[in-house]
Structures are given as C-alpha cells and as structure tokens.
Amino acid sequence: MTGFLGEYYLWVMALHIIAVISWMAGMLYLPRLYVYHCDAEVGSKQSETFKIMERRLLRAIINPAMTVAMILGFMLVAHLDAWGEGWMIAKFALVFAMGAVHGMFSRWRRHFAADENRHSAVFYRYMNEVPTALMIGIVILVLVKPF
Ligand code: HEM
C-alpha cells in the first residue's frame, strides 16, 4: 500500500489536519462546559441548556471529527509505510491516550445528563489541560519526527 494515495497524499493530509483541528476544538471546549455546569443548579434552565450543548458538541462535532481524523491518519500511515517509525509509534501512544480522555469526557457527559455529576469544577479545570498537553506532544512528534 506504500504510496497508494499518489497525488492525493496532500489532500488527505489537509483533510486529516482539518478533522484534527475540529476534534481538538471540541476536546478543549467540552471540559470548559463541565466547569461551568458544576455551578448550575440541578434541574435549572441553565443546567438543562448545558446538557443540550454538551450532547450536541460531543455527537455532532467531537465524535465525527475523531473518526475522520483517525481514518485519514491510518491512510497516511499506510501511504508512508510509517508503521514502525519511532515518531509514529510515540504518536500512536499519545493518540490512544487522547482517545481514552475522549472516552472519559463522554462518560462524564452521561453523568451530567443524569444529574449525577461526581466531580468538582477544579477537577474539570485540571482535566481541561490534559488534551492540550497531548496535542502539543502529538504535533511536535509528527512535524519534528525527533526519533
Ligand atoms: C490514529 C490517529 C492518527 C494517525 C494514524 C495519524 C497519522 C498521521 C500521519 C501518518 C501523518 C503524515 C505525516 C507526514 O506526512 O510526515 C499525519 C500528519 C499530521 N497529523 Fe496525524 N495522525 C493521527 C491523529 C492525529 C492527531 C490526534 C493530531 C493532533 C492532535 C494529528 C496531527 C497531525 C498533523 C499536524 C499532521 C501534519 C504533519 C505535517 O504537515 O508534516 N494527527 N498524521
């Protein structure tokens, strides 16, 4: 499959980056909504509005963007035959961690939706930094390819 994208390689890379930007925008915004949702009274109009915003952000933006970013990412790996490259293996590890954080964000959304949130606003402020740190590591790995 090496080189199978031919002249479309840069188009796939561009679409990969667009999907990644959308995924990261959602991953950085959703925990911020959780921070403010913690202060909204259960059953209040504000809390119900946050539930709608969180559900739409996750289902209409974050989930589809992650799926597209991953499918195009794997097409790029196959095109470059980069499976065994050190930078790509490290990138896979950080992307896997990003997927795990995505899973936790999704679970916490269900807890808020059921008025069963179990964490504080401070907790979500710290969690907001995790996708940021992972994103910085991923972008450096794929552009600098340090190993
Ligand atoms: C399973 C998920 C992913 C896979 C398999 C993957 C794979 C790849 C591959 C093979 C390339 C091409 C590298 C090159 O041509 O030198 C690439 C480019 C890129 N990826 Fe990903 N990626 C994934 C997820 C992500 C994520 C989550 C981010 C950011 C948070 C990201 C950011 C980028 C960037 C910025 C580029 C462009 C690099 C350049 O211009 O040389 N990728 N990706």
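Would you be able to tell me the number of residues in segment 76-89 that are in contact (Cβ under 8 Å) with a residue 12 or more places away in the chain and more than 8 Å from the ligand (Cβ to nearest atom)?
5
Which of the residues spanning segment 39-67 are without any contact (Cβ under 8 Å) to a residue 40 or more places away in the chain and of a type in the set (Gly, Ala, Ser)?
40, 44, 60
Need the failing condition index for residue 71 against (1) touching a Leu at 6+ places or on another chain (Cβ under 8 Å); (2) within 11 Å of the ligand (Cβ to nearest atom), just the number.
(1)
Would you list the helices (runs of 4 or more DSSP H) that sit entirely within segment 1-87 and hold 3 or more residues that are farther than 19 Å from residue 145 by Cα and open to solvent by less than 20 Å² (accessible area, probe 1.4 Å)?
Per the criteria, 9-37.
Out of segment 103-147, which residues are assigned to a helix (DSSP H, G or I), open to solvent by less than 60 Å² (accessible area, probe 1.4 Å) and more than 14 Å from the ligand (Cβ to nearest atom)? Reasoning before the result, please.
Taking segment 103-147 as the starting set, the residues that turn out to be assigned to a helix (DSSP H, G or I) are 103-113, 121-144.
Still in the running and open to solvent by less than 60 Å² (accessible area, probe 1.4 Å): 103, 105-106, 108-109, 111-113, 121, 124, 127-128, 130-132, 134-135, 137-138, 141-142.
The answer is 103, 105, 106, 108, 109, 111, 112, 113, 121, 124, 127, 128.
The values are calculated or read from the model by the stated rules, or taken from the named source; none is laboratory data. All figures in this text were calculated on a predicted structure; none of them were measured in a lab. Cβ coordinates were reconstructed from backbone atoms using ideal geometry, including for glycine residues, and neighbour counts include every protein chain displayed. Only protein heavy atoms, including side chains, enter the accessible area calculation; ligands, DNA and RNA are left aside. Shrake-Rupley method; radii C 1.70, N 1.55, O 1.52, S 1.80 Å.
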